[in-house]
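Report on the structure given below.
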Amino acid sequence: MSRLSSPDTATADTATADTATVTPEASDTPSTEAEAAAEALVERLHNAIGEAFVESHARGVTHWIRVQRDAWADLAGYLRNDEGFEFFNFLSAIDWLPSPFGRDMDSAVDNVLNPPEPADSAEPAAIETGTAGGASRFQLLARVNDVTTGRSVIAKTDLPDDDLSAPSWVPIYSGANWHEREAREMFGVNFQGHPGLRHLYLPGEFEGHPLRKDYPLLARRVKPWPGLVDVELMPEIVENQPAADAVDAGASTSEDSAAGSSSADAEGGVSS
Amino acid sequence: MTVTERQQLNYIAAQAADARVNLEIETEGMTLNIGPQHPATHGTLRIVAKLDGEQVVSAEPVMGYMHRGYEKLAEVRTYPQVTTLINRIDWLGSFANEVPFILAAEQLMEVEAPPRAQWIRTILFELSRIANVTLFLGDMAVQVGAITPVFFAFRDREHVLNQIEAATGGRFHPNFDRIGGLKDDLPAGWIDETRQAMRKIRSFCDQIEELVEGNEIFQARTRGIGVIPAEVGLSYGLTGANIRASGVDWDLRRDNPCGLVYDQVDWRVWTHPDGDSFARFWVRLQETREAIKIVEQLLDGIPAGPVMAKVPVIIKVPPGEAHVETENPLGVMGYYIVSKGDLFPFRVKIRSASFSNVSITPWLLKGVYVPDIITILGSLYFILGDIDR
Amino acid sequence: MTLSAMISGIGVFSELSYWQVTSIRVAAGLVAVLLVAGTLVYVHLFKIVSFMQSRLGPMEAGPYGSLQLLAEIGKFLQKEDIVPRRADRFVFKAAPFVVLASTFLLLVVLPGGPDAWFISNDLGIYLAMAVGSVSVIGILMAGWGSASKYSLLGGLRATGQLIAYELPLLLAVVGVVIQAESMNLQQIVLVQANGEIFGWGAIGNPFIITQFVGFLIFMVAMQAELTQTPFDMPVAESELVTGYMTEYSGLRFLLFFIGEFATAGVFSAIAAVLFLGGWYVPGLEPTDNLFNVIGPLVLIGKVVLLSFLIFWIRFTFPRFREDQLQRLAWKFLVPLALANIVVTAVLKVVI
């Protein structure tokens, strides 16, 4: 039934946590077949890409592989042509900068009337990166699958802050075309060798790169989050208040809830 | 030489003849904007087609008319709130959108839903597949000109929506899946009603087979039109019935069910060697029947027990990255979740099926006739919410 | 019984000149036939279609929606009559009337009984075919005058298609004309009423039996002439929005819309006259005065039958692509119709 290495590992994949290693060298005793296969793949990649190979991590049949930027296209070419990862799944980017705006959920007040304190940009929070590590703020992320064996690879590469660009995958995987256009407009990453790096979703004159962490989500900035202001006071709390205060509280609550509903609309048709 | 090959050769020969004539008389091209408001696009997709007579020289889809920025919005919402958003991605099979996200979050939290929840999840997953694909079966006929089947599709889809509503409370946007299980158990009598609904859908499939699939005109319009070779489809990231119609035997329900109980039932994956519009229609029709089979078998053996695992009230997902993809009605849908141990996901990359499925259109629409644009787009079957996210 | 005697037989008309008589007949016919038959056929078709698509159809206007046509007219009359800015205003505005005029002029040659007819022309069917082709001009006008690419594509498709299917339509009629030895529609009905099939004359000789191939070709070509599915590439809602009608609204859209149904009715009436014996039903003498009363009803009955067939096909089949339907016309229907003429002519001489 299953064309995976074995059904047991497939289920173990979801249930168990990260079993494998941060670097291939660290794991000495591969416990399952999948891990052995992962190690073999990583070994071959190491040989093919050489110095540009940075880090890897395996979980079940999925391998995270981080390479240097110069080897980004070589990695794709090797995976597709030599390893049989024919299926292009997706390509995107991650901005590892902690959001300078926090969550924007705490603004129980109307930010238009009371402009918030500027975020303390004096000391930016440290960048923490995730699986298979990372060295810079922007990281490219792509996933390819091997449809005959069920293996998949999540490839990552770090982009230096002063030169957000990478070799394009389009000559290797045609499907990367739109994904790279999306990554371009959302993160501002340039792809060398892309046939037409136009905006995909956003209007042509749009400024900024919305999925960067320092791009404010304006709907949250200007109006309080309706979830916070809609909270109804518990009855016993109201009873303890003086009568006049209770009336005021009721009035302000109704105003806030009206504002809250309009801000939900402002978030771009979430309710549609 | 099979019938299909002959038709393909005829088609190619006709196109070559047209090209010769056009070269001789040097006709001027015309740019036709199909959409954003157009009956053939389920939503607001716009296709800028450069035409030479009735023939397409180049076609470029333009989207973003419905882009809602879910990846950004998800960063300021708690995990349970995100399911409300992602319900609206593929609005015809909404429940199926929630499942991979919840599974990815469960994977990070190292929780597993109880068996009963997994079974009900799988049933609802397949019901939303049926609700989605039945509409395609009727709609495909509308795209090539037969109006009646879509009425049948809406009529019989209603039975499935009723069952989804009875179980979840929402016809279109159930928002029923929770980290660690489901919101509620099934209502009384639901299993029998679902069996009846499945019987109706099965007769609907037979009806479609006679009315649409067996029709000579339908076959003449779809066979040999929009042929996608397997390697091209894979490199463009086509998934679901689109890639199986090109002969690629790959279905995540069988190959990596991760958390859904497809290995408990007896079913098969259908493929078709042709890769044309007809093959895509045929594969979807067979898949609907398989989905009925799966649901009927699962209904027989739902295990007893709770539907919710022990999960903290305030859900904080431990730091890490997880990617879970499932075989959704439109194709493979995956969520790449990056968590930093907070209430909110740090980054959610939504890999939606239609986005990749439609990305092949510039390659596919080159050289076809205007009526074939509609046939091909219809057979690729996309939902605008799934493209624009 | 001659045709001139028919006119003078009705006392009032004997005082009037020919054009006055004709005008009165046409005006009376439009009111009496169109309103009744149109409403009947329209509601009948709506109900049939709704039944096929498992829905109720019109229910609110009148008992069981029988006044739906009037309701539609009332609705469309209230809507704004929009002309696109860059449209050719005169051509754009005139187009629906040209189409509708073509439809109504077809009615003129139709006989409804031994004495109930508008004009009796010895070139009746010839006139009908000629007048029927005028609608092509109207459709081309609409397609070109709208200044819309969809309309233009639709108009051009329609023109190509209508010209292609005019030919098998005419050639199918030729077989009937050879057999009836007349182009007068009244005469064709009488020949069918008085005819015999190999000496057996109980039901006359409706040409659907002896000209069955011709009937099939006529019905297929008619379906294409009406731009009904499977030949509705020119209006193709799913790709060209509604083809040449895309830019129309209000009354003018209504005219196209009615024209679609009315033309279906009128062409079915011509088919009924040519192949089903027109106003004649077996059992009565064709000269019986009763036919002047029941004749039109019989004709409407046959029209309902044939238009049901048209709409049955329309709501069952998908549509041909443009090149496929041209191939069907030129490579299949035209040769078949020609063969039908040859066989008919040979048999006519031999038998």
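Values quoted throughout were computed directly from the atomic coordinates according to the rules given, and no laboratory measurement underlies them. Given the structure is predicted, the values throughout are model-derived calculations rather than measurements. Every residue, glycine as well, gets a Cβ built from its backbone with ideal geometry; the counts of neighbours run over all protein chains shown.
Please list A:149-158, B:268-277 highest first by mean number of surrounding beta-carbon atoms within 10 Å per residue. All intermediate terms of the calculation are to be shown ahead of the outcome.
Details: A:149-158: 22.7, B:268-277: 19.1.
Listed from highest to lowest mean packing, they are A:149-158, B:268-277.
How much net charge surrounds B:TRP190 when only other residues with a Cβ under 12 Å from its Cβ are counted (Lys, Arg +1; Asp, Glu -1)?
Numbers: positive: B:ARG195; negative: B:GLU165, B:ASP184, B:ASP185, B:ASP192, B:GLU193.
Net charge in that neighbourhood comes out at -4.
If I take every Cα pair under 8 Å that is 6 or more residues apart in chain C, average their sequence separation and divide by the length, what percent do I get for the relative contact order? Spell out each step's value before the answer.
Numbers: 527 pairs, mean separation 75.7, N = 351.
Over chain C, the number comes to 22 percent.
Helix-only estimate, please: 222 nm mean residue ellipticity of chain B, summing -39500 (n - 2.57) across DSSP H runs of length 4 or more and dividing by its residues, to the nearest 500. If you can, show how the numbers build up before the last one.
Details: 16 runs with 191 residues, N = 389.
Calculated at 222 nm, the ellipticity per residue is -15000 deg cm²/dmol.
Determine, for B:PHE95, C:PHE51, the number of other Cβ atoms within 10 Å of each Cβ, and report the residues in order from fewest to most. Walk me through the numbers before you get to the answer.
Working: B:PHE95 29, C:PHE51 11.
Least crowded to most crowded, the residues run C:PHE51, B:PHE95.
Once both labels are modelled 7 Å past Cα along the beta-carbon direction, what's the C:LEU56-C:VAL213 spacing in nm?
The two pseudo-label positions are separated by 5.0 nm.
Can you tally the lysine pairs in chain C where the Cα-Cα distance is under 24 Å and the two residues are eight or more apart, or on different chains?
On the way: C:LYS47/C:LYS75; C:LYS47/C:LYS302; C:LYS75/C:LYS93; C:LYS79/C:LYS93; C:LYS79/C:LYS149; C:LYS93/C:LYS149.
Lysine pairs, 8 or more places apart or on different chains, close enough: 6.
Which order do C:ARG86, B:ARG221, B:ARG171 fall in if you start with the one that has the fewest other Cβ atoms within 10 Å?
Numbers: C:ARG86 9, B:ARG221 25, B:ARG171 16.
If I rank by nearby Cβ atoms, fewest first, I get C:ARG86, B:ARG171, B:ARG221.
Please compute the average number of Cβ atoms from other chains found within 10 Å of each residue's Cβ in peptide A:85-96.
Working: counts 1, 6, 12, 7, 9, 12, 3, 6, 2, 6, 2, 4.
Taking the mean over all residues of the peptide, I get 6.
Place the peptides C:293-303, A:173-183 in order of packing, highest mean first, counting for every residue the other Cβ atoms within 10 Å and averaging per peptide.
Numbers: C:293-303: 20.0, A:173-183: 25.1.
For the peptides C:293-303, A:173-183, the packing ranking is A:173-183, C:293-303.
So for B:TRP363, B:TRP282, fewest C-beta neighbours within 10 Å to most, what's the order?
Working: B:TRP363 15, B:TRP282 19.
So the ranking, lowest neighbour count to highest, is B:TRP363, B:TRP282.
Residues with beta-carbon under 14 Å from that of B:ALA166, excluding B:ALA166: net charge, scoring Lys, Arg +1 and Asp, Glu -1? Don't jump to the answer; show the numbers that get you there.
On the way: positive: B:ARG171, B:LYS183, B:ARG195; negative: B:GLU158, B:GLU165, B:ASP184, B:ASP185, B:ASP192, B:GLU193.
Surrounding charge for B:ALA166 is -3.
Within 10 Å of each Cβ of B:317-330, how many other protein chain Cβ atoms are there on average?
On the way: counts 0, 1, 3, 5, 12, 6, 10, 3, 5, 0, 0, 0, 0, 0.
Mean shielding count: 3.
List nothing, just return the count: lysine pairs in chain B, 8 or more apart or interchain, with Cα separation under 24 Å.
11
Could you order the peptides B:304-313, B:115-124 from most to least packed, using the average number of other C-beta atoms within 10 Å per residue? Walk me through the numbers on the way to the answer.
On the way: B:304-313: 12.5, B:115-124: 22.9.
Output ranking for B:304-313, B:115-124: B:115-124, B:304-313.
I'd like the Kirkwood hydrodynamic radius of chain C, using the inverse of the mean 1/r over distinct C-alpha pairs, in Å.
Computed over Cα pairs of chain C, the Kirkwood hydrodynamic radius comes out at 21.1 Å.
Using a 10 Å cut-off on Cβ to Cβ distances, tally the other chain neighbours for every residue of C:154-161 and report the average as a whole number.
Numbers: counts 0, 0, 2, 3, 0, 0, 0, 0.
Across the residues of C:154-161, the mean count of other-chain Cβ atoms within 10 Å is 1.
Rounded to the nearest 500, what is the 222 nm mean residue ellipticity of chain C from helices alone, with -39500 (n - 2.57) per DSSP H run of 4+ residues and division by all residues? Walk me through the numbers on the way to the answer.
Values: 15 runs with 226 residues, N = 351.
About -21000 deg cm²/dmol.
Run the numbers on the range B:70-363 and let me know its relative contact order in percent, using alpha-carbon pairs under 8 Å that are six or more apart.
Details: 539 pairs, mean separation 80.9, N = 294.
Dividing the mean separation by the residue count of the range B:70-363 yields 28 percent.
Where does the charge balance sit around B:PRO39 when Lys and Arg score +1, Asp and Glu -1, over other residues with C-beta under 10 Å from its C-beta?
On the way: positive: none; negative: C:GLU237, C:GLU239.
So the environment of B:PRO39 carries a net charge of -2.
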